[in-house]
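Just below is one structure, and these are the notes that go with it.
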Amino acid sequence: MGYTLVYTQVLEFVPYLISGAWISLQIAVLAFFGGMFLGLIFATIRTFGNQISNKIVICYVTFFTNTPQLVQIYFLFFALPEFGILLSPYIAVLLGMTLNAAAYLCEIQRAGFLSIRQNELDAAKTLNFSLIQQVKYVILPHIMKVLFPPLSNHYIIMTLGTSMAAIFGVEELTGRAFNINSETFRSVEIFSITALIYIVITFIATFLLAIIGRYFFKAKIRIIQ
Amino acid sequence: MERLIEEIPNFFTIWNVIFLAKAMGVTFLLTAIGCLVGFSVGGLLAVFRKTKSYYLLPLRFLIIVYTEIFRRIPFLVSLLLFFYVFQIMRISDNLFLIATITVCVIATAYIGEIIRSGIESINQTQWDAAAAMNFTYYQTLKEIIFPQAWKVILPPAFGFFIMFIKDTALASQIGVMELTFAAKILNNKGFSPLLSFGTILILYFILSFPLDRFGKFMERKLASNRN
Amino acid sequence: MENLWRESLHQIEIKSANAFYEKLHVLKDIDLNIDKGEIVSLIGPSGSGKSSLLKMLVGLLIPKSGKVFLNKSLINFDNQSDLRNIREQIAIVFQQYNLFQNMNVLKNVCIAPTKIQKRNPKEVNEQALYLLEKVGLQDKLKSYPDELSGGQQQRVAIARALCLNPQILLLDEITSALDPELVKEVLDSIRLLASEGMTMLIVSHEMNFVKEVSSRVVFMDDGSIIEVNSPKNIFDKPKEKRTLDFVGKILKEK
C-alpha cells in the first residue's frame, strides 16, 4: 500500500478546523434566517397575493429548486461581474445560499399556511377572538408545530451545504481542510476528521433542535431512529 | 450585451452542443446508477435493520452507523474522502468510477432511510396478524408489508432522485465530466461565464423540472388512490 | 377418578403465568384451564389483561414466568418451532380485524393456508368459499378490506381464522369496534360456531351474549383472574365483591 495513516501529524490542526466549523455555522444561520425572511414574504405573496406577483414567485421558486445550489453560486460569483457586480467569495456564497433557501423555505412556510384548517379559525371566531388573538392563540402555535420539523431538517441540510463555500475559497470547515491538505498532503486523515466534525456538528444541532422543538413548539423530532 | 449576442453562435457549436449533451448524460447516469443501487442495497439494509433476532444485532448496529454517517457528511466531503482513499490505495484513477461509488454509497444511506420509514409506516396490526398465522419476518415483508409500503416509499424516493441530480454537481470538484465541470471548462476556454453557467443552469432545469412535475403528478395519483 | 378423566381433556393449561408489556405487569399469576369444546368468556374492565392473555396464547406476548401447556405438552416460548406449533392449533381474531389491506377478501382468507400451511390451493380455495358463504360474504370475494363495512371485515377475519383449521379459536373483543347495527351479524356467526363444538376463548363486553353462549365466565381485573364461575352465577350471584361491582356497573349502563 505504501501509505500509512498518520493521524498525529494532523491532530494539531483540529482546533483550526473547529474554528472553521464556527464559520460554517455562521453562514448556515445567516443564510437560513435570510431565507426564512424572504421565504415568508414569498409564501405570503403566494397565499394572498395577486395573479401577477404569484406567478413571479412561482417562477423564482421553480427556478431555484430545480437547479443546483453550487451552480447558482458559480453564476453569482462569475457571471455577475459581467454586469459590474463584484462579490467577494463569502458574500457570493451567502447570497447564493440565501436565495436558494428562500425558495425552499417559501414552499415549506406556504404548506404551513395551508395547514390551518377552516374549523380551527371558525372555532376561534365563535369564541369571539379578535384577529390578533386568533393569530396569537390559534394560528401561530399550530403553524409553529407543523413547520418546526421540516424547517429543522432544511437547516441541517443547509449546514452540510455550507461545505460548498470551500470551492470559492471561503475558510470554513471544508475550506480549512483544503488548506491543511495542501500543506501536509495527509488527505485521508484530514478529510476523515473533517467528516467526523460534520457528524458531530449535525448531531449536536439535531439534538438541540429536538429539545427546542419538544419544549417550545411541542413538535417531535427524532434524533436517531 | 452585444458581446454576448456575438458569442452565442460561437458557444453553440456542434462540438459544444455534443459536449454538453455528453455531460448531461454523465450527470443523469451518475444519478440513475446511484439511485438504482441505493434503492436495491438500501432496501436490503432496511430489511435487515428491522429484524428482531438477537444474533443479527451487530449487523443492525453496523447498518445504523453506516446510515447515520453518510447522511451527516456533506456530499463534497464524501466525494473527496473516497477520491483520496482510492488515490492512496491505488485502487483506481477512473474519476467516473470513484464518483459513481461515492454516489451509490450516499444514495444507499438516504434511500435506505426512506424505505425503512415506509416499512415503519405500516401498522403493527398487520405484523401481528401475520405473526399469528405463522408468517416469517421475510414472508410478512414480501406478501404484506412491501405491497403496502411502496406507495409510501415512492414519492420521497423519487423526490430524492430529483434532489440528487443537483447534488451530482459537486462531482465536478473531483474532475468528473458532468454538467458543472463542463460549464467550468467552457468558462475557462474563454466563453462568457454568463453563457456558460447560464446555459448549465437551464440544462439542469430541463433535466429536473419535468421529473419534478411527474413526481408531483404521481404523488397526487397515489394520494387519490388511497382515498 | 372423574377428576383424572377431566384433567386429561384439558386442551389449555396455564399455570402461574406472568407477563409484562414494556414495564407494565399485564398478567399476574394466571391460572386457567380450558377443556376441549368449552366456550370460555373473559370479561373485565379495560386494561385488565384480557387481550394480553389471548396474545400470550398465540405467542405474541412471551410470559416471563409460569407454564403454558397445549394438549399436555409444555410450550417453550423461546423455541421458534414451539411457537409455530401453537399458532397451528390456535387462531385469533383481532378487535381491529387486522385484514391485509393489499389483498381482496378471498386472498386474505386463502393466503396463510396456501403459503404457510402449504395445503393444496384448490382445497383451500373451496374451503374459503364455503366459509365465506357461511358468514354471508359470498358476494364480496373480490372486494378489498377498505371497501367493506366493519361488520363485514370482522366476518372476513373470522372466516380467515377458521380456514386455518384451528383447534381453538380466540376472539378478542370482536364486536367492540363495530356500530351497534353490525354487532348482531357477527354474533350470529359466533353462535353458529359455538353450536358446532369449537373450543373458544371469547373476550367480550356483550354481557347478554356472554351469558347465552359461554360454558364458563372468567372475570379479570388489573392483570389477575378474580373469579371463574358459570354464566348464570357470575351475573346473579358472584363470589367476589369486585366482580359484583363490575357487573353492576356494566348492567347499569345497559
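Taken together, the values in this text are just the output of simple stated rules run on the coordinates, not laboratory data. All values reported here derive from a predicted model rather than from experimental measurement. Counting neighbours? That spans all protein chains shown, and the Cβs are built from the backbone with ideal geometry, glycine included.
Listing B:127, B:15, A:22, B:150 from fewest to most neighbouring C-beta atoms within 10 Å gives B:15, A:22, B:150, B:127. The alpha-carbon of residue B:22 sits under 22 angstrom from the alpha-carbons of these lysines, leaving out residues fewer than 8 places away in its chain: B:166, B:184, B:189.
Tilt of helix A:173-184 relative to the longest C-alpha principal axis of chain A, in degrees (0 to 90, nearest 10)? Around 0 degrees separate the two axes. Between residue C:188 and residue C:165, what FRET efficiency comes out of the Förster formula 1/(1 + (r/R0)^6) with R0 = 22 Å and r the beta carbon distance, rounded to 0.05? That pair, residue C:165 with residue C:188, gives E of 0.50. Summed over qualifying helices (DSSP H, 4 residues or more, each -39500 (n - 2.57)) and divided by its residue number, the protein assembly as shown shows a 222 nm mean residue ellipticity of -20000 deg cm²/dmol.
Provide the convex hull volume over Cα atoms per residue for the stretch C:2-253, in Å³.
Per-residue hull volume (Cα only) is 138 Å³.
When every Cα-Cα distance of the stretch B:165-227 is counted in 10 angstrom steps from zero, the calculated P(r) takes the values 21, 36, 21, 14, 7, 1 percent. Centre-to-centre separation between the Cα atoms of the stretch C:66-111 and those of the stretch A:99-114: 49 Å.
Between helix C:121-134 and chain C there is an angle of about 60 degrees, using the helix long axis and the longest principal axis of the Cα atoms. Listed from fewest to most Cβ neighbours within 10 Å, the set C:122, C:55, C:50, C:28 follows the order C:122, C:28, C:55, C:50. Name the residues of the stretch C:101-119 whose amide N is less than 19 Å from a point 7 angstrom out from the Cα of residue C:144 along the C-beta direction? Within reach of a label on residue C:144, which here means backbone N under 19 Å from a point 7 Å along Cα→Cβ, the stretch C:101-119 contributes C:101-111. Projecting label points 7 angstrom from Cα along Cα→Cβ for residue A:48 and residue B:36 puts them 5.0 nm apart.
Given the pairs C:36/C:249; C:72/C:239; B:52/C:23; A:145/C:23, which are separated by over 22 angstrom at their Cα positions? Don't skip to the answer; put the middle values down first.
Numbers: C:36/C:249 32 Å; C:72/C:239 30 Å; B:52/C:23 19 Å; A:145/C:23 30 Å.
The pairs that break the limit, which is 22 Å between Cα atoms, are C:36/C:249; C:72/C:239; A:145/C:23.
Panel order for B:204, B:137, by other beta carbons found within 10 Å of each beta carbon, from fewest to most: B:137, B:204. Hydrodynamic radius of the stretch B:1-126 by the Kirkwood approach over all distinct alpha-carbon pairs: 17.4 Å.
Counting partner chain Cβ atoms within 10 Å of every residue's Cβ in A:162-170, what's the average?
Whole-number average of other-chain Cβ neighbours for A:162-170 is 3.
Of all the options B:73, B:98, B:165, the one that moves most in a Gaussian network model of chain B with Cα springs shorter than 10 angstrom is B:73. Computed over the alpha-carbon atoms, the stretch A:8-217 gives an Rg to Rh ratio of 1.07, Rh here being the Kirkwood radius from the mean inverse distance. Computed over every Cα-Cα pair of the stretch C:1-116 and binned at 10 Å starting from 0, the pair-distance distribution P(r) comes out as 11, 39, 33, 15, 2, 0 percent.
Using alpha carbons only, how many degrees (0 to 90, rounded to 10) separate the axis of helix A:51-65 from the longest principal axis of chain A? So the inclination is approximately 30 degrees. Taking A:30, A:105, A:80 as the candidate residues, the one with maximal mean-square fluctuation in a Gaussian network model of chain A, Cα springs under 10 Å, is A:80.
Here the stretch C:2-253 carries DSSP beta bridges of which approximately 55% are antiparallel, counting only pairs with both residues inside. Per Stokes-Einstein, at 20 °C and 1.002 mPa s, what whole-number D in µm² s⁻¹ belongs to the stretch B:3-53, with the Kirkwood radius over Cα pairs as the hydrodynamic radius? My calculation gives 150 µm²/s for D.
Of C:107/C:134; C:64/C:118; C:184/C:211, which pairs sit farther than 21 Å apart, going by alpha carbon to alpha carbon?
Long pairs (Cα-Cα over 21 Å): C:64/C:118.
If you plug the beta carbon distance of residue B:53 and residue B:121 into 1/(1 + (r/R0)^6) with R0 = 25 Å, you get a FRET efficiency near 0.65. Overall shape of chain B was characterised from the C-alpha gyration tensor. The equivalent ellipsoid obtained from it has semi-axes of 41, 23, 11 Å, in decreasing order.
The modelled label-to-label distance between residue B:88 and residue B:150, using points 7 Å beyond Cα along the C-beta direction, is 4.3 nm. For the segment C:190-200, counting C-beta atoms of other chains within 10 Å of every residue's C-beta and taking the mean gives 0. How high is the relative contact order of the stretch A:8-217? Use alpha-carbon pairs under 8 Å, at least six apart in sequence, and give a whole percent. Dividing the mean separation by the residue count of the stretch A:8-217 yields 30 percent.
Springs between Cα atoms under 10 Å define the GNM used for chain A, and in it the highest mean-square fluctuation of A:181, A:100, A:50 occurs at A:50. Peptide B:124-131 has a mean of 6 when you count, residue by residue, the C-beta atoms of other protein chains within 10 Å of its C-beta.
The distance from the alpha carbon centre of the stretch B:78-117 to that of the stretch A:1-58 is 23 Å, rounded to a whole number.
Summarising the strand pairing of the protein assembly as shown, around 55 percent of its internal DSSP beta bridges are antiparallel. Cross-link partners of residue B:50 among lysines, defined as those whose alpha carbon lies under 20 angstrom from its own and excluding same-chain residues fewer than eight positions apart: B:142, B:151. Report the far tail of the P(r) of the protein assembly as shown, meaning the percent of Cα-Cα pairs longer than 48 Å. Pairs farther apart than 48 Å: 36 percent.
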